[in-house]
Structures are given as C-alpha cells and as structure tokens.
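Accompanying notes for the structure given below.
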C-alpha cells in the first residue's frame with residue numbers, strides 16, 4: 001500500500017495522564033494557560049490514583065507504567081464509545097503501547113530482592129509487572145482486543161513510532177481499529193541519576209526549550225493513548241471524528257547511542273518523508289509540536305532541521321514544546337504530544353513554550369513565547385495540519401502528521 | 001513460629017491472600033482462586049510467605065490441583081505439618 005493513498009485513519013478517542021493532570025483536555029488546558037507541573041525539579045503525577053481505574057488485585061499485578069496506560073486508555077476508549085461496544089470484530093483491533101524501558105519500579109524491586117534476599121525471594125509477579133509489553137498486553141486483555149499487540153521501544157521516539165507501527169497495521173489490512181500510544185515512568189530516582197551522570201538533565205531544575213539558558217531536560221511520568229479506526233468504520237457507526245493521522249516517517253541517525261547527529265540528517269529525513277507522504281506542501285503546515293527537550297544540542301539541531309525541510313515557511317509556522325510544562329515523558333512523550341497536537345489543531349491555537357523567556361539569538365523559529373498563538377488558518381474553519389517530532393537515544397527520529405478541523 | 005494450629009494456618013493464608021488485593025469477605029473456603037482473581041503466581045507468593053513465617057521449605061508443586069481457598073488452606077496445613085514432622 002502506498003502511503004497517502006491508503007485508507008484514511010481517524011482518531012475517535014484520546015486519553016492522557018500527565019504531570020499537568022488527569023485527562024487529555026485538562027492537561028491541554030493547563031498547558032494552554034502556560035502552567036508548568038515542575039515540582040521542585042521533578043515532573044510526576046501526584047494526584048494519579050490507580051484505584052479509580054483498577055481493582056486492588058489488578059494494581060498489585062501491574063507496575064505504575066501499566067497503571068498510567070490503563071487510565072489514559074479508559075479515557076480514550078470511553079470518548080471513542082468503544083466501552084459501549086467495540087467498533088469492529090475484536091480480531092481486527094490491534095494495540096501498540098510504547099515505553100522506553102518498561103516497569104522500572106518492579107525491575108528495581110526485583111533487583112533489590114535478588115541482591116538482598118536471594119534468588120528464591122524474587123516475586124513470581126516480577127515478570128508480568130516489568131516486561132515492556134505489559135501495558136499493551138494489559139490493555140488487550142482489559143478491552144478484549146485480539147488483534148496484534150506489542151510494546152515498542154525506541155527510547156524517547158517510542159510514543160511517535162507506536163503510531164507509525166499502528167498505521168502499518170491498517171495499511172497491511174491486519175486491523176480496522178487500534179489502541180495506540182505510550183506510557184512511561186521515566187522519572188524514577190534511578191533514571192534521574194543515570195540521566196544526570198550522562199549530562200542530559202537540567203542543572204538549574206527548569207526546563208527551558210529553545211531558551212538561551214537551556215541546560216537539559218527533566219524526566220517525568222505519564223501516558224497517552226489514541227483510539228484509531230478506519231474512516232469508514234467511524235463514519236458507519238456515527239462516531240465523532242476528532243482528527244486524522246495523516247502521515248508518518250521515522251529514521252535513524254546511525255551515528256551514536258546518545259548524541260543526535262550534528263547535521264540533523266535523521267530529523268530532516270523523518271520530517272521530509274512524513275510531509276512527502278502526506279502529499280502536502282510546507283506551506284500547508286499550521287503547527288509544529290517540537291521535540292524541544294531543552295538540551296543545547298537538540299533544540300539547535302531540531303531548529304536547523306525544521307528550516308532545512310520547510311525552507312521559507314519555517315519562520316512563520318508556530319512551533320512549541322510542551323516539555324517545560326510536563327517534563328520529558330520518555331517513551332510516552334510522543335503519544336502525549338500527538339494528543340496535545342490534535343487538541344491544539346482542534347482549538348486553533350498553539351500553546352506556549354513554557355520556560356522559554358530569553359530567546360537564543362541562534363534559534364529563530366516562531367517558538368510561541370508567553371501567550372498562546374492563534375493558528376493563522378484557524379478562522380477559515382479549514383482542516384489544519386500539525387507535525388509532532390520525537391527523537392530518542394539511539395538516534396531514533398520520528399515525525400507524525402495529524403489533521404483536524406478547528407472546533408468553533 | 002513454634003507449633004502451629006490449623007486455625008493459625010487458616011488465618012495466615014487468609015491474611016496473606018487478602019494482602020494480595022481481594023476483599024477479605026470474598027475469601028471463603030468455597031470460593032475458587034479464579035473467583036477472587038488469584039492464580040498460581042499468587043500461590044507461589046503465598047509459599048514464599050509461608051517459608052518466611054514458618055521457617056520451612058515449600059515445594060510449590062505440592063499446590064498443584066488446588067481450586068478453592070479451602071483447598072489452599074488444607075494443603076498448606078498438610079505441607080506445614082509434614083515438613084515439621086520430617
């Protein structure tokens with residue numbers, strides 16, 4: 001199947017748990033208001049209560065990354081109306097849930113049990129809690145989805161690549177619907193320590209994408225899931241269509257496990273092909289949700305790549321990064337940002353890059369500073385197009401293009 | 001733990017299973033493990049607790065075939081008594 005000529009894939013439900021709050025809309029509105037969930041240099045979800053969604057037995061059998069995914073998925077499934085009946089046969093619904101590593105808390109607990117109490121005192125529930133596919137499998141079980149299901153790992157590009165993986169499942173005619181997204185507890189103490197010694201995290205404790213003072217990211221936890229279905233399925237059952245997954249492409253820098261390619265060649269490739277496959281021109285793009293990690297290198301390389309791919313249009317397209325508000329959600333980042341991109345298009349407004357106050361002279365895109373910025377074509381009521389970028393350790397780069405009509 | 005009574009074993013099993021999540025009121029002798037959302041992995045954890053509490057070694061294969069909470073209690077009592085008699 002040729003990308004672009006393939007059956008259209010629409011979004012009928014979204015859900016999210018982020019450090020800004022419970023729910024996709026709540027998270028988006030707080031971001032739009034310029035809030036940051038930075039809690040003394042940490043981004044976590046302190047009000048998240050898994051017992052709102054799961055039984056005590058289910059909670060005990062799962063790690064937090066799975067619990068976050070269940071909450072986000074329940075919201076997406078309910079919005080899509082799948083809780084009142086699945087849209088197609090169970091065998092035709094897939095599930096892909098990205099994560100950077102998997103059940104980090106369980107992993108740590110089992111390593112400690114092994115070290116201190118010996119091999120006979122690791123838990124028989126260790127594996128189901130920590131395996132990176134636990135979230136995907138749990139969602140398949142929860143909603144009775146018999147289509148292909150797996151966890152996906154490409155570090156911080158995982159969440160976006162999970163959408164690409166799901167699109168291929170549609171294009172190869174394996175599914176007619178899919179539950180897709182990412183989930184991560186990227187901000188555990190051990191993760192924070194390891195990221196810190198790598199020099200990746202912010203010494204100042206403030207995430208400032210594209211700011212001249214930016215000094216690294218801060219990891220956090222969260223999840224987002226999207227309910228996708230073929231357009232004809234959604235139309236046939238009268239479901240509200242929130243938007244469309246238009247196109248996707250991913251690449252690898254093939255250079256370093258940790259540093260981005262200095263020329264941004266992988267980013268240029270991913271963005272360029274995603275635009276080409278969408279059969280759109282640079283001038284058709286209304287909004288870019290940047291990876292924008294607040295590291296010295298990422299923000300410069302991403303800026304240069306956007307300019308290389310979009311040419312003269314690059315300077316007039318609003319670009320924002322949500323990471324100053326919610327932190328870097330690792331394997332969940334791409335899915336959370338895809339959901340927030342969709343909501344930005346539907347609102348016709350680009351939310352601000354929280355933390356950006358003093359622009360870097362070398363970075364000259366329209367980074368949406370301070371106040372939200374209305375999208376230029378929103379008033380026309382026409383379908384708007386947004387790109388969401390994600391890049392990860394290992395040189396992974398992914399871009400997804402979403403479209404949605406602004407909701408008056 | 002010195003000598004253990006059947007009542008103590010039953011209390012230990014119920015208390016341990018309740019700590020795994022099911023409502024205590026559902027943990028009756030006639031309820032099946034399946035009915036209270038527990039399975040063989042939980043039985044392995046129960047065996048680990050038993051090993052710590054009773055200072056014995058438990059071969060988890062001895063729990064094969066257990067269906068109800070009552071089975072689990074009775075089997076546990078046999079395991080503890082036989083292990084102590086050795």
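The values are calculated or read from the model by the stated rules, or taken from the named source; none is laboratory data. Worth saying up front: this structure is predicted, and the values here are computed from it rather than measured. A quick note on method: Cβ atoms are made from the backbone with ideal geometry, for glycine too, and the neighbour counts reach across all protein chains shown.
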Would you be able to say whether some residue in region B:69-85 is free of Cβ contacts under 8 Å to residues at least 40 places away in the same chain and outside any helix (DSSP H, G or I)? no
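Listed residues B:35, B:57; which is modelled with pLDDT under 95 and either within 14 Å of chain A (Cβ to nearest Cβ) or touching a helix residue (DSSP H, G or I) at 6+ places or on another chain (Cβ under 8 Å) (or both)?
Matching residue, one of B:35, B:57: B:57.
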Is it true that some residue in region A:1-22 is closer than 23 Å to residue A:135 by Cα, surrounded by fewer than 18 Cβ atoms within 10 Å (Cβ to Cβ) and either without any contact (Cβ under 8 Å) to a residue 24 or more places away in the chain or away from chain B (no Cβ under 14 Å) (or both)? no
Find the residue count for region B:55-72, including only residues that are under 16 Å from residue A:120 (Cα atoms) and within 12 Å of the chain's Cα centre (by Cα). 2
In the set A:106, A:71, the lone residue that is assigned to a helix (DSSP H, G or I), more than 14 Å from every other protein chain (Cβ to nearest Cβ), touching a helix residue (DSSP H, G or I) at 6+ places or on another chain (Cβ under 9 Å) and crowded, with 19+ Cβ neighbours inside 10 Å is A:71
With the structure loaded, tell me whether residue A:97 is closer than 18 Å to residue A:182 by Cα, away from chain B (no Cβ under 14 Å) and either in contact with a helix residue (DSSP H, G or I) (Cβ under 7 Å, 6 or more places away or on another chain) or assigned to a helix (DSSP H, G or I) (or both) or whether it fails that test. yes
Within region A:109-150, tally of residues that are away from chain B (no Cβ under 14 Å) and not in a helix (DSSP H, G or I): 9
Could you please let me know if residue A:27 is in contact (Cβ under 8 Å) with a residue 24 or more places away in the chain, surrounded by 18 or more Cβ atoms within 10 Å (Cβ to Cβ) and not in a helix (DSSP H, G or I)? no
Considering each residue of region A:385-408, count those that are more than 22 Å from residue A:333 (Cα to Cα) and crowded, with 23+ Cβ neighbours inside 10 Å, and give that number. 0
For region A:43-68, how many residues are away from chain B (no Cβ under 14 Å), surrounded by fewer than 19 Cβ atoms within 10 Å (Cβ to Cβ) and in contact with a helix residue (DSSP H, G or I) (Cβ under 8 Å, 6 or more places away or on another chain)? 1
Residue hits (region B:3-27; more than 14 Å from chain A (Cβ to nearest Cβ) and either closer than 18 Å to residue B:84 by Cα or surrounded by 14 or more Cβ atoms within 10 Å (Cβ to Cβ) (or both)) are B:3, B:4, B:5, B:6, B:7, B:8, B:9, B:10, B:12, B:13, B:14
Kindly provide the set of residues from region A:209-243 that are assigned to a helix (DSSP H, G or I) and within 19 Å of the chain's Cα centre (by Cα), ordered by number. none
In region A:174-208, the residues that are in contact (Cβ under 8 Å) with a residue 12 or more places away in the chain, part of a loop (DSSP other than H, G, I, E, B) and either closer than 30 Å to residue A:149 by Cα or out of contact with any strand residue (DSSP E or B) (no Cβ under 8 Å at 6 or more places or on another chain) (or both): A:174, A:175, A:176, A:186, A:187, A:188, A:199, A:203, A:205, A:206, A:208
Any chance residue A:190 is within 30 Å of residue B:41 (Cβ to Cβ), more than 14 Å from chain B (Cβ to nearest Cβ) and surrounded by 24 or more Cβ atoms within 10 Å (Cβ to Cβ): no
Does residue A:340 meet the test of being modelled with pLDDT of 95 or more, closer than 30 Å to residue A:204 by Cα and over 20 Å from the mean Cα position of the chain (by Cα)? no
Residue count, region A:253-263 (criterion: at pLDDT 95 or above and in contact with a helix residue (DSSP H, G or I) (Cβ under 6 Å, 6 or more places away or on another chain)): 1
